[in-house]
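Below is one structure, written out as structure tokens, with a few remarks after it.
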Amino acid sequence: MKVLLLLTMLLVASSSVAQTPATARFNNAWHYSLSGYEVDITFLSDSTLHWQDKNRGETNKSKTLPINDHAVLTGWQEADKTFVSLYSDFATGEAHCHVFRPDGRIIPMKGTLVPKK
């Protein structure tokens, strides 16, 4: 299942039209709307990000895998042991996320990302 998800993400990313380079994500806040969940994410580097939703926020160590010049796959673990895998395409504004909860639940989400104003 994980391999199929990664392959799907790679295929989607390879067909995107170039507009905004993935490096533009650094030190800019991005608003993600994922299946009704709203969160602002600032990529401080390829290894650190800050997220903020309406209830709380955290700065977490992250691991980022560039997919192409315009898309990245980022993963991090939150303080409550939740693991998040986030695909961001900065050219198309498309985002996909899987939230892996400590109780074993996996929550898939899809949506959009735009620069926060």
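What follows is calculated from the coordinates using simple rules that are stated; it is not laboratory data. Computed from a predicted structure; not experimentally measured.
Numbers for the structure displayed
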read-out	value
Amide H partners (placed H, <5 Å) of residue 29, local residues excluded	116
Whole-Hz ³J(HN,Hα) from phi, Karplus 6.51 cos²θ - 1.76 cosθ + 1.60, for region 76-92, glycine and proline x	7, 10, 8, 4, 8, 6, 6, 10, 10, 10, 10, 9, 10, 10, 7, 7, 9
